[in-house]
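Asker: I have a structure I would like to understand better, so I am pasting it below and will then ask my questions one at a time.
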Amino acid sequence: MKIVVLAGGTSTERDVSIVSGTGICSALRQKNHQAILVDVFCGLENVDWADPFPESYDVEQAVSYIKSFNPHIEELKKSRKEFFGPNVLELCKKADFVFLGLHGSNGEDGRLQAVFDLMGIPYTGTGYLSSAMAMDKGVTKAMFQMRGVPTPGGKAMKKKDRVETLQELGMDFPVVVKTCCGGSSIGVYIVDNQADYTKALDGAFTYENEVVVEEFVEGTEYTVAVVDGKAYPVVQIVPVQGFYDYENKYKPGAVKETCPAPISEELTRRLQEYAVEGYHALEMESYGRLDFIVTKDEKIYCLEANTLPGMTPTSLIPQEAAVLGMDYPTLCEELIRVSMKKYE
């Protein structure tokens, strides 16, 4: 297949996306697909239109080209009106399929998916509506509550309606303050006093104009991928220090990730069932990953859903697939296969 792997972009997860895209493109090349790596925002200036998907291709050279834009992203965002970079849409239209190696805003939030739907461009992952719902943690929480998926209590707050005390929200410390639409645990703060709460709001609002304040649930973190409506093996996540924040997620050795999780068959079954229920609550298609926290007395809380989960060497879905006997390149092909069902 002729495949465009889209990566990069303008979100706070740009660097992670480049790593995901690199791995995906290399893996698809190993499977003899004519895959090319393209930055969705910075695009590709020089395209050989006689052969845009060449048999021979240097992935690392493409990565270097994408990274060369990193110091200039903020300037480009100010000077450009259009999100899609040079030749991006033209290449995507010529491809048989587009693999979305994007994370965060303008890639995982449904806007790109809606454009591709209107243009008839097939892509990996779920559609625009479920992408938008899952990206907004406030909407996700409301959908979980409506569909009976257990989730911590909490409230969304816009910057213009900032509430300075938990008493006004009807909540007590400790709480988690997090950006409404961020990913990779960027802009997430666990706080147990007023001074830290104020600092957390200040910090979270530097990323976005809306945050979620959520009751803090103490327990162990787990994650479950759902592919084509079926739950994959459960991963247990135990940070060596602190909590599962951005640094711990992508720093090798910072967390102990065990798959399959060393838990009872009963708890495994319940986590997988809630993962599938959360997937359907958000009307997800193709694949996604749902994150949980489980207390000592085995109460389960679903925290959020990821519609384009990470595909880096330390990411979780590849670990779950490996337990099923599926290597990374085969997983990439499987995600394309299940995504193609949207177009049948």
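The values are calculated or read from the model by the stated rules, or taken from the named source; none is laboratory data. Just so it is clear, the model here is predicted, and its values are computed rather than measured. Cβ placement follows ideal geometry from the backbone for every residue including glycine, while neighbour counts extend to all protein chains displayed. These accessible areas exclude ligands, DNA and RNA; they are computed on the full protein's heavy atoms, side chains included. Shrake-Rupley method; radii C 1.70, N 1.55, O 1.52, S 1.80 Å.
Asker: Let me have the 222 nm mean residue ellipticity of the chain computed from DSSP H runs of 4+ only, each contributing -39500 (n - 2.57), with the sum over all residues rounded to the nearest 500. Walk me through the numbers before you get to the answer.
Answerer: Numbers: 13 runs with 128 residues, N = 344.
Value at 222 nm, helices only: -11000 deg cm²/dmol.
Asker: Using the charge dipole of the chain (Lys, Arg: +1 at Cβ; Asp, Glu: -1 at Cβ; taken about the Cα centre), state which of 180, 292, 73 has its Cα farthest towards the positive end.
Answerer: In the chain, that residue is 73.
Asker: Show 335, 118 ordered by accessible area, largest first, where the area counts protein heavy atoms only and the probe is 1.4 Å.
Answerer: Details: 335 0, 118 155 Å².
Greatest to least solvent exposure: 118, 335.
Asker: Sticking with this structure for a sec: Would you mind getting me the FRET efficiency between residue 165 and residue 267? Use the beta-carbon distance for r and R0 = 35 Å, nearest 0.05. Please list the in-between numbers first.
Answerer: Details: r = 37 Å, r/R0 = 1.05.
For R0 = 35 Å, the calculated efficiency reads 0.40.
Asker: Here's a follow-up. What full-extension length gain, to one decimal in nm, is calculated for residue 145 and residue 73 as 0.36 nm per residue of separation minus the Cα-Cα distance? If you can, show how the numbers build up before the last one.
Answerer: On the way: separation 72, 0.36 × 72 = 25.92 nm, distance 3.82 nm.
Result for the pair: 22.1 nm of gain on full extension.
Asker: Order these peptides, 266-274, 66-74, 218-226, by their mean beta-carbon neighbour count within 10 angstrom, highest first. Let's see the in-between values first.
Answerer: Details: 266-274: 16.8, 66-74: 13.8, 218-226: 20.4.
Descending packing order for the listed peptides: 218-226, 266-274, 66-74.
Asker: Hey, with R₀ at 22 Å, roughly what FRET efficiency would residue 30 and residue 61 work out to, going by the Cβ-Cβ distance, to 0.05?
Answerer: Values: r = 17 Å, r/R0 = 0.78.
It comes out at approximately 0.80.
Asker: Return the carbon/sulfur percentage of the accessible area of the chain, one whole number, probe 1.4 Å, all protein chains in place.
Answerer: Working: 7810 of 15330 Å².
For the chain, the apolar C and S fraction of the accessible surface comes to 51 percent.
Asker: Something else: Which helices, counted as full DSSP H runs in the chain, have an axial Cα extent of no less than 15 Å and a Kyte-Doolittle average of -1.0 or above?
Answerer: 14-30, 194-207, 328-340
Asker: While we're here: Considering the values (i) 64, 48, 37; (ii) 67, 55, 49; (iii) 53, 49, 48, which represents Cα extents along the principal axes in Å as calculated for the structure under consideration?
Answerer: The value computed from this structure is option (i).
Asker: Keeping all protein chains in place, calculate the accessible area per residue for region 114-157 (probe 1.4 angstrom), answer in Å². The partial results should precede the final answer.
Answerer: Values: 1730 Å² over 44 residues.
Per-residue value: 39 Å².
Asker: Cut-off under 26 Å on the C-alpha distance; same-chain residues fewer than 8 positions from residue 67 excluded. Which lysines are left, in chain and number order?
Answerer: List returned: 2, 31, 77, 78, 81, 93, 94, 249, 251.
Asker: Here is a follow-up. Give, as ranges by residue number, the residues of region 1-36 whose backbone N falls under 15 Å from the point 7 Å along Cα→Cβ of residue 111.
Answerer: Residues passing the 15 Å test: 9-14.
Asker: Magnitude of the Cβ-charge dipole of region 249-344, K/R +1 and D/E -1, about the Cα centre, nearest 20 debye?
Answerer: Working: 11 positive and 16 negative charges, 65 e Å.
Rounded to the nearest 20 debye, it is 320 debye.
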